[in-house]
Amino acid sequence: MNAISRMGLTRALASKAAALRFEDIPDAVRSWARQCVLDYTGCAVAGASDDLVAMLLAEMQEQGGAPIATVLGRPERLPVLSAALVNGAASHALDFDDVNLAMPGHPSVAILPALLALAEERGSSGADVLTAFVAGYELQCRVGRVIAPGHYDGLGYHATATMGSFGAAAACAHLLGLDAERTAVALGIAGTQAAGLKSMFGTMCKPLHAGKAAYHGLLAARLAARGFTSRTDVLECAQGFCATHSTDFRPERAADAPAGGWWILSNLFKYHASCYMTHSAIEAARTLRQTHGIVPEQVERIELVVEEACDRICNIAAPRTGLEAKFSLRLTTAMGLAGIDTSRLSSYSEAVAADPVLIGLRDKVAFDFRSGIRSTFTEAAVSLRDGSRFAAQHDSGIPATDAAEQGRRLEAKFAALVDAVIGPDRAARLSVEIGRFDTLPDLRGLLALGAAA
């Protein structure tokens, strides 16, 4: 991207996003994008019953406005911006949605709630929405790259909230047909709103971050379309976003070439309903249990080698609620070692957090926090009372290479999440519609299937 030095980072990224066309997107990328839509939809429908969603929905209903857009998993309809907020929070409420380490954060839950609400209002085609989604996705990953690791690891910003605001703005600007200059304005409007703290992990504020990113990005694009003004160099200007939000601003990294040429191909889907940084420990613990037949009463000590950032992300030592349990490396490791199904939403509850067997295992976990290793890598060692010791390791940060197999796993996950909410027949129809997403002339029928009757 030599344009960075010529026109500046913000304008260069805006220009690239605005220029993307459906025919530019390879079939493999389109397939990955449809899988992101499927996973987002399943998480949003299942998350719609969470208490935090009911609170946000009640607040948005009190604010009033034209009921234009679907609330996934619920019968209510809301104004477009309100729907983006509520659906974004719902889709992140379970912490079961996809991840990209380039941000690093949750890419789809920030973009799709905004984009689908806007598409429903406008009657946009699936191809137009998919193109806008990919444009926003790629942009938010590039912005994430230029301020890593200081933004997330050092200063403690939640990238889903901050990077997501930029991604949603770029995607919505694309769907609105804004040119590169107006897209850069939208990025400026998004940048001055972007906020979210990692210190809020384990509370309702973390899902709120995703909803607010969708809201901020959609509002930014709509205001830019109306002629609202902003700086068009928000990322690189003095006292701009990068200068105030990171200690590691490296604009040249926006030109980094991802594997396969597209950041979306590095998307990681979650098969455990907890913080992604716990997944490798869960997998290693499950391997130890299955390989060596370990049962909880045999365990003397559990040692985890993990990247030091885990201490600030998912190390709630004694979780009391299901939400806190999702951010407890100790407890989720204990769950994996005890054979608890960590893909089930019901596995994260106050009762599970208070289970004496799990607490006993939880309190036997000791950490070796290290710098310089991959943040998604874990080595687990279990010492038993008879003196034997076994070890296993896992890295959950390696993207899938078999898209078809990944699709089958996501279909199973989708059914497990959605069947109980809208019924298996309707869920199957919704899955089929998402499978042909980019051939649909209008997405309103698809979205109607995702609403509760």
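Restricting attention to the stretch 224-264, the residues being among the hydrophobic types (A, V, I, L, M, F, W, C) and either open to solvent by 40 Å² or more (accessible area, probe 1.4 Å) or at positive phi (or both) number 9.
Checked against (1) outside any helix (DSSP H, G or I); (2) under 18 Å from the mean Cα position of the chain (by Cα); (3) within 14 Å of Phe367 (Cα to Cα), Val305 passes all but a single condition, namely (2). Scanning the stretch 236-292 for residues that are over 24 Å from the mean Cα position of the chain (by Cα) and of a type in the set (S, T, N, Q) yields Gln239, Thr287, Gln290, Thr291.
For (1) more than 22 Å from Asn100 (Cα to Cα); (2) open to solvent by 40 Å² or more (accessible area, probe 1.4 Å); (3) touching a residue at least 24 places away in the same chain (Cβ under 8 Å), each residue gets a yes or a no:
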position	(1), (2), (3)
Gly167	no, no, yes
Ala170	no, no, yes
Leu178	yes, no, yes
Thr183	yes, no, yes
Leu187	no, no, yes
Gly196	no, no, yes
Lys206	no, no, yes
Lys212	no, yes, yes
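Give the residues of the stretch 24-40 that are over 21 Å from Tyr348 (Cβ atoms), in contact with a helix residue (DSSP H, G or I) (Cβ under 9 Å, 6 or more places away or on another chain) and part of a helix (DSSP H, G or I), sorted by residue number. If the condition is that a residue be over 21 Å from Tyr348 (Cβ atoms), in contact with a helix residue (DSSP H, G or I) (Cβ under 9 Å, 6 or more places away or on another chain) and part of a helix (DSSP H, G or I), then Asp24, Ala28, Val29, Arg30, Ser31, Trp32, Ala33, Arg34, Gln35, Cys36, Val37, Leu38 are the ones that fit.
Among the residues of the stretch 9-19, which ones are open to solvent by less than 90 Å² (accessible area, probe 1.4 Å) and in contact with an Asp or Glu (Cβ under 8 Å, 6 or more places away or on another chain)? Scanning the stretch 9-19 gives Leu9, Thr10, Arg11, Ala14, Ala17, Ala18. Taking residues in the stretch 119-138 that are touching a residue at least 24 places away in the same chain (Cβ under 8 Å) and surrounded by fewer than 24 Cβ atoms within 10 Å (Cβ to Cβ), and partners anywhere that are of a type in the set (Asp, Glu) and not in a helix (DSSP H, G or I), the pairs with Cβ atoms closer than 7 Å and at least 6 places apart or on different chains are Gly123/Asp442; Ser125/Asp442. Among the conditions (1) within 22 Å of Gly293 (Cβ to Cβ); (2) in contact (Cβ under 8 Å) with a residue 60 or more places away in the chain; (3) open to solvent by 20 Å² or more (accessible area, probe 1.4 Å); (4) not in a helix (DSSP H, G or I), the only one that Val357 does not satisfy is (4).
The values are calculated or read from the model by the stated rules, or taken from the named source; none is laboratory data. Computed from a prediction, not measured in an experiment: that's the story for all the values here. For neighbour counting, all protein chains shown are included, and Cβ atoms are generated from backbone atoms with ideal geometry for every residue, glycine included. Each accessible area value is taken on the protein alone, full model and side chains, heavy atoms only, with ligands, DNA and RNA left out. Shrake-Rupley method; radii C 1.70, N 1.55, O 1.52, S 1.80 Å.
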